[in-house]
Amino acid sequence: MPAPLENLIVLDLTHVLAGPFASLTLQDLGAQVIKVEKPGSGDDTRAFPPFKNGQSAYFATINHGKQSIALDLKDAADRAVFDDLLARADVILENYRPGTMEKLGYGWETLHKRHPALIYGAVSGFGHTGPEALKPAYDMVVQARGGVMSITGEQDRDPVRVGASIGDIVAGMYLVQGVLAALIDREKTGFGQKIDIAMLDAQLAILEHAVAITTATGTPPGPSGARHPSITPFETFHASDGLFVIAAGNDALFARLCAVLGLPLDNDVRFATNAARCENARTLKRLIEAITLDAPKAHWIARLEEAGVPTGPIQNVAEALRDPQLLARNMVVDVLDAQGQPAFVAAGNPIKMSALADPATRGPAPALDGDRQAILDLLKGSSATR
């Protein structure tokens, strides 16, 4: 079966993470991604450790299966190649500072006139509008400014960034959504659109409970560690051999939890509703741990799972990579080298579709400019223009 985005050509001018994460998702869905890189150095992440056989594992896990061509967009000959690629492409992605593409002669207005069906996706720290659009940003900057760091970590401790680079990754996810929506709209209108994604915007968009709490009460929440501020019990608990998690998100689940633990709280008004449990979260945690400390994590996880109460261990990344459920879902895949041998391990495609192939291996990450001839041959073999 053809992949959903088969025959779609994406010109990817992005580097580091937000844009490459978006183009990787499009590639996983069947698009041909042509990575347009700086001659000599390429994507910054080619120099990011750790390295294996001289190749960056970081780069390989985000860019596997793509093609690479090195072009200097200030050079006349390279611009001619790029112009030919634009005439063939369906989507262009860029994450330069706003105004950079305009200076090169490839801004949205110019490209839309030349190639009306081309979809233009841009991701930047603060977006292409607003008084601070030209400011530079990285993941940590938008996590801090967007409010995420203020609710991350332990109470009365310094704020911390989320361990995963969600400033970049969430923006990349929204960029993919915008591209897919623009593709659907193009089917109806014949015209492409510009998608303008700001990393800062994306951080505010994921603060579901924090925005609700702040606007309803007038007081912004602070960090609450592992505990959810609007659901109780929904956090980590100590067993005799360490921490595990319990997420009893409604009254029925709380009743099952109490039955497993033998906690006689049915008629205790302090815990009769979720709102009451949130008000008495610390007391409830102590009552639960007075019981869970008597047995190991595995004991409680098994009993709670049998009762249908959401629970689980706190796994490190190595343990997650061995998780049988993740393995069964093909979420741990091998990235091959140029000789077709496993070289790196990457996360699989989380978008499972009934007619989308989901192989256990992925193609190699491209060498810088390693696909130039194949890309030039593609241009020679196509007379399509937009």
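The values are calculated or read from the model by the stated rules, or taken from the named source; none is laboratory data. These numbers come from a predicted model, not from an experiment. Here the Cβ is made from the backbone with ideal geometry for all residues, glycine too, and neighbour counts use every protein chain on show.
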note = GLU94 vs (1) modelled with pLDDT under 95; (2) under 19 Å from TYR138 (Cβ atoms): all pass except (1)
inquiry  = Out of the residues in segment 198-257 meeting the condition of being among the β-branched types (Val, Ile, Thr) and assigned to a loop (DSSP other than H, G, I, E, B), tell me which one is nearest to ILE301 (Cα to Cα).
reply    = THR232
message = For the structure I just gave you, tell me whether LEU326 is surrounded by 15 or more Cβ atoms within 10 Å (Cβ to Cβ), of a type in the set (A, V, I, L, M), free of Cβ contacts under 8 Å to residues at least 24 places away in the same chain and not in a loop (DSSP other than H, G, I, E, B).
response = yes
request  = Specify which of the listed residues (GLU109, GLU37, GLU94) is without any contact (Cβ under 8 Å) to a residue 12 or more places away in the chain and acidic (Asp, Glu).
outcome  = GLU109
remark   = Inside segment 38-58, the number of residues satisfying the requirement of being on the phi > 0 side of the Ramachandran plot and over 23 Å from the mean Cα position of the chain (by Cα) is 3
request  = Give segment 203-233 a look and list any residue that's of a type outside the set (D, E, K, R) and closer than 15 Å to GLU154 by Cα, or say none.
outcome  = PRO221, GLY222, PRO223, SER224, GLY225, ALA226, HIS228, PRO229
request  = Please give the number of the condition ALA210 fails out of (1) crowded, with 18+ Cβ neighbours inside 10 Å; (2) out of contact with any strand residue (DSSP E or B) (no Cβ under 7 Å at 6 or more places or on another chain); (3) in contact (Cβ under 8 Å) with a residue 40 or more places away in the chain; (4) within 30 Å of ASP90 (Cβ to Cβ).
outcome  = (4)
request  = Might you let me know whether segment 214-224 holds any residue that is closer than 25 Å to GLN315 by Cα and either modelled with pLDDT under 95 or not assigned by TED's automatic domain parsing to the domain that holds LEU134 (or both)?
outcome  = yes
task = Mind counting the residues in segment 108-137 that are of a type in the set (Val, Ile, Thr) and either more than 14 Å from ILE92 (Cβ to Cβ) or not assigned by TED's automatic domain parsing to the domain that holds GLY19 (or both)?
result = 1
query = Which one of the conditions (1) surrounded by fewer than 18 Cβ atoms within 10 Å (Cβ to Cβ); (2) touching a Cys at 6+ places or on another chain (Cβ under 8 Å) does THR232 fail to meet, given that it meets all the rest?
reply = (1)
request  = Filter segment 166-186 for residues that are farther than 14 Å from VAL91 by Cβ and surrounded by fewer than 20 Cβ atoms within 10 Å (Cβ to Cβ) and give the result.
outcome  = ILE169, MET173
ask   = Can you tell me which residues in segment 258-302 are part of a loop (DSSP other than H, G, I, E, B) and among the hydroxyl-bearing types (Ser, Thr, Tyr)?
value = THR273
task = Would you mind finding the one in ALA122, ALA144 that is at pLDDT 95 or above and closer than 20 Å to VAL176 by Cβ?
result = ALA122
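Residues checked against (1) hydrophobic (A, V, I, L, M, F, W, C); (2) part of a loop (DSSP other than H, G, I, E, B); (3) in contact (Cβ under 8 Å) with a residue 12 or more places away in the chain:
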residue: GLU132; (1), (2), (3): no, yes, no
residue: VAL170; (1), (2), (3): yes, no, yes
residue: TYR174; (1), (2), (3): no, no, yes
residue: LEU183; (1), (2), (3): yes, no, yes
residue: ASP196; (1), (2), (3): no, no, yes
task = Give the number of residues within segment 91-123 that are in a strand (DSSP E or B), out of contact with any His (no Cβ under 8 Å at 6 or more places or on another chain) and within 19 Å of THR189 (Cα to Cα).
result = 4
key: Every residue from segment 185-194 that is among the basic types (Lys, Arg) and in a helix (DSSP H, G or I)   = ARG186, LYS188
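Let's see how each residue does on (1) at pLDDT 95 or above; (2) closer than 30 Å to ALA247 by Cβ; (3) in the same structural domain as ASP90 (by TED's automatic domain parsing):
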position: ALA298; (1), (2), (3): yes, yes, no
position: ARG303; (1), (2), (3): yes, yes, no
position: GLU319; (1), (2), (3): yes, yes, no
position: GLN339; (1), (2), (3): no, no, yes
position: PHE344; (1), (2), (3): yes, no, yes
position: LEU356; (1), (2), (3): no, no, yes
